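The values are calculated or read from the model by the stated rules, or taken from the named source; none is laboratory data. This one's a predicted model, so the numbers in the text were calculated from it and none came from an experiment. Here the Cβ is made from the backbone with ideal geometry for all residues, glycine too, and neighbour counts use every protein chain on show. When the accessible area is computed, the model is the full protein with side chains, heavy atoms only, and any ligands, DNA or RNA have been set aside. Shrake-Rupley method; radii C 1.70, N 1.55, O 1.52, S 1.80 Å.
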Amino acid sequence: MVLRKMTLIALTLMLTIGLAACGGGGNGSGSGGNQAGGQSGTDNSQGTNEAPGGATITVLNEGAVGVGVGVLNDLLEKKKQALIADEAMNPRVVEEDFSYTPGEPLKAGVFPYFYQTIMLEKMEAQNITVKMEDWGWGEQLIQKQTAGFLAKNIPDIIVGETQMPGFAQQGLLEPFPDDMAQEICNNIAPAAWKPMEYDGKIYGFASQPGVSSLFWNKKLVKEAGLDPEKAPATWDELLENVQKVTEAGKGKYYGGGVYAGPNAGGYLRYGTLLVINGGGFADDQGQPVFNSDANVETVQFLKELNAAHPAGLMANTNEGTYFDAFKKEQIAYLIDGPWRAIESSQIGIDYGMSQIPLSSDGKAGNITIGAAFHSVPKDAKNKEAAFAYIRAMYSDEIQQLIADTGVRSPVLKSIAETDEYQAAHPEMYQHYLAMAGNVQGLPTFAKEDSKIWQMFGDAVTKSLMTNGDIKSILDDAQKKAEAITK
């Protein structure tokens, strides 16, 4: 049994490294957002699983809320002074920014400081000491976590993105207590926990998950004779719009649409279109479903969007090249995570933001992106204290902080669904709405995960870049994948 578990953990490393490219604990196009989750009404950080006093827990940082490595109580003043001294911060942080009134706007640069200040207060109230560690992100993080599981030397709370559902499926994580799971189901947007649900249990919580939305450059859209304030509601409308922008651009700019490179950055973004159209990557047994009718239809739509891009851009293996094209106003439409809003504002792009258009028979759906899931390992030494920490992550105070910062939407219904929040943050409210319903994470295939992902990515690229029959291309990828996974 021990040998089998070691083999499974080693396999996780191989399976997830291929999907780690889109991770990163910051506000960019990778993972780890800028805010946390919440609860309703009362402070639920003290519930039926209240932690024993005097515990010390080790918590992995992720960049968006990181204040350093060490005992949390010793880090905050150092973080404050470092933020003030950081000349590269845009906008700069000054002493006055460290005065925060809940319900008032907060500068994004000081978010980690206030986030961890609130967490410290909540943990000290339960006599819990927090020691912060930083194991990096992406491949580096996965390697260290895998080694930690093998050695049974793992922090009390770990964090990650695409690798976390696989850890849950392999029995390496502790399920959330029943009362805590019910509280989350009742009060929290599905994107924060649904991808970490396995066999009816919840194994992880993302304090500030992202999902994709549709963004557009209002100036380019207006130059094409379109209403810059109107979002396309259907795939047909989106395709018509990108074609008109491409025609108006005359080679200077293009309509754009969605990044579809053969990597995690592509799967996370165009995968949302598969979900909307009733397709997907894998079934609940980890078997590929590449050649479904819904997927064939979606890839055909991607191929039509590809014509509204500079040659080779949409399937470029470097995702940064695609997003740079939007920032340089070379493409008008873009499907991306919520960080695109603040980044566009900072560089002076007048942008629109809406939920992603639907196919003719499609239903709203999405894939989490930039979601830093926090979990308690089976081998954690202080599980009750660790769950108390996660409860604090969805407290009213943390959720209000997220709302006030405005970089991502809160996941706590009692804050996000108020008239005050909707009026103050209309675009982020659209992001909140997109976090409800059929929200999924990227699946893990039954065997040789990274190889199977590459088969699908290559098949989509071939479909976009050649005149080959899409159904035949996906049939061939399905046949090769099944030869490995079954």
Check your understanding: Does anyone have the angle between helix 383-393 and the longest principal axis of the chain? Alpha-carbon axes, 0 to 90°, nearest 10?
Key -> 60
Review point. Taking the inverse of the average 1/r across all pairs of different Cα atoms in the range 194-260, what Kirkwood radius in Å do you get?
Key: 14.4
Study note, to complete from the structure: Each label sits 7 Å from Cα toward the beta-carbon; between Ile342 and Lys230 the label points are separated, in nm, by 3.3
Exercise for review: Classify the range 169-231 as rounded, prolate or oblate from the Cα gyration tensor: take a ≥ b ≥ c as the square roots of its eigenvalues, call it rounded if a/c is under 1.5, otherwise prolate when a/b beats b/c and oblate if not.
Suggested key: prolate
Check your understanding: Taking N as the number of residues in the range 51-95, what is its alpha-carbon radius of gyration divided by 2.2 N^0.38 Å?
Key -> 1.46
Exercise for review: Describe numerically, in nm with one decimal, the distance between label points set 7 Å from Cα along Cα→Cβ at Val69 and at Asn467.
Suggested key: 5.7
Exercise for review: Whole number please: convex hull volume per residue, Cα atoms of the range 342-391, in Å³.
Suggested key: 169
Review point. Carbon and sulfur: what percent of the chain's accessible surface (1.4 Å probe)?
Key: 49
Check your understanding: Helix 178-187 versus the longest principal axis of the chain: what angle, 0 to 90°, nearest 10, using Cα atoms?
Key -> 50
Practice item. Could you please state, rounded to a whole Å, how far the C-alpha centre of the range 419-486 is from the C-alpha centre of the range 360-396? Key: 21
**Study point:** Heavy-atom accessible area per residue - the chain, 1.4 Å, Å²
**Key:** 39
**Study point:** Inter-site label distance for Asp324 and Glu77 at 7 Å from Cα along Cβ, in nm
**Key:** 4.4
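Against the 2.2 N^0.38 Å scaling, with N counting residues, where does the range 181-326 land? I'd like the Cα-based Rg ratio to two decimal places. Show your work: numbers first, answer last.
Numbers: Rg = 17.7 Å, N = 146, 2.2 N^0.38 = 14.6 Å.
Here the Cα radius of gyration is 1.21 times the empirical estimate.
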Review point. For the range 403-463, what value does the Rg/Rh ratio take when both radii are computed over Cα atoms and Rh is the Kirkwood radius, given to two decimals?
Key: 1.25
Exercise for review: For an R0 of 30 angstrom, estimate the FRET efficiency from the Cβ-Cβ distance between Asn90 and Lys222 and round to the nearest 0.05.
Suggested key: 0.65
Exercise for review: For the range 366-486, report the translational diffusion coefficient in µm²/s to the nearest whole number, using Stokes-Einstein at 20 °C, 1.002 mPa s, and a Kirkwood Rh over Cα pairs.
Suggested key: 117
Revision key, fill the gap. Helix 235-249 sits off the longest principal axis of the Cα atoms of the chain, rounded to the nearest 10 on a 0 to 90 degree scale, by 70
Review point. Between exposed GluC sites (Glu not before Pro) in the chain, where DSSP calls loop and at most 10 other Cβ atoms lie within 10 Å, what's the longest gap?
Key: 230-486
Check your understanding: To the nearest 500 deg cm²/dmol, what mean residue ellipticity at 222 nm is calculated for the chain from DSSP H runs of n ≥ 4 alone, each contributing -39,500 (n - 2.57), summed and divided by the residues?
Key -> -13000 deg cm²/dmol
